[in-house]
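These notes concern the structure reproduced below.
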Amino acid sequence: MSEILQVEKHEPPPGEPRGFPLIFLIVTIVVGGALAYYFWSRGEKPRTIARIQAHLPFDPAEREYAAKIRVGNVALSRSENFLHQEVTALSGEIVNNGERSLREVELTITFADELHQVVLRDSRVLFGAGAVPLSPGGRREFEISFEHIPSAWNREPPAVSVSGLQF
């Protein structure tokens with residue numbers, strides 16, 4: 001006698017939800033949430049405190065005093081950091097030829113291309129909140145590092161100017 005094996009297909013009753021659409025919905029929500037978090041957090045980075053730097057005052061009194069500050073002995077050097085990335089360092093000396101002590105000095109460094117158009121302009125504050133003020137007649141060495149300078153840079157020393165002061 002031969003037996004015929006019958007396979008019955010079990011389908012849930014019409015009112016009972018199927019498992020696949022529920023799993024699909026959960027996966028979609030998780031992936032959508034992860035993507036939303038990624039793009040939301042990525043968009044917030046430029047607004048962080050590290051990226052936004054308040055500029056020092058540069059009103060008429062500071063502009064007048066800026067003429068008494070000399071930036072000299074400017075030199076560029078290139079080195080490699082521990083991640084094997086090339087870093088350009090600008091070193092120099094700042095001299096206070098005025099009669100007031102300076103707690104902070106903001107310098108603007110401008111790199112140009114062959115046509116003398118600006119390819120990078122960056123402002124950096126020297127000294128810092130906890131540093132000893134630069135006394136009248138005093139001089140202090142500084143070094144500013146740049147991780148990326150555009151390839152259009154003409155390889156000439158950048159223009160360095162005082163763009164803010166804190167007495």
- Message: For the structure I just gave you, tell me whether Leu76 is in contact (Cβ under 8 Å) with a residue 12 or more places away in the chain, surrounded by 13 or more Cβ atoms within 10 Å (Cβ to Cβ) and under 24 Å from Ala61 (Cα atoms).
- Response: no
- Message: From the list Val162, Val132, Val125, exactly one residue is touching a helix residue (DSSP H, G or I) at 6+ places or on another chain (Cβ under 6 Å) and either part of a strand (DSSP E or B) or surrounded by fewer than 12 Cβ atoms within 10 Å (Cβ to Cβ) (or both). Which is it?
- Response: Val162
- Message: Being in contact with a Gly (Cβ under 7 Å, 6 or more places away or on another chain) and within 16 Å of Val71 (Cβ to Cβ): is that true of Gly92 here?
- Response: yes
- Message: Here's a check for you: in region 80-122, which residue that is exposed (fewer than 15 other Cβ atoms within 10 Å of the Cβ), in a strand (DSSP E or B) and small (Gly, Ala, Ser) is nearest to the chain's Cα centre (by Cα)?
- Response: Ala89
- Message: Tally up the residues in region 65-80 that are of a type in the set (D, E, K, R) and closer than 15 Å to Val105 by Cβ, please.
- Response: 2
- Message: Just to verify a result, which residue in region 55-73, among those that are at pLDDT 95 or above and part of a loop (DSSP other than H, G, I, E, B), is surrounded by the most Cβ atoms within 10 Å (Cβ to Cβ)?
- Response: Lys68
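The values are calculated or read from the model by the stated rules, or taken from the named source; none is laboratory data. These numbers come from a predicted model, not from an experiment. Backbone-built Cβ (ideal geometry, glycine too); neighbour counts: all protein chains shown.
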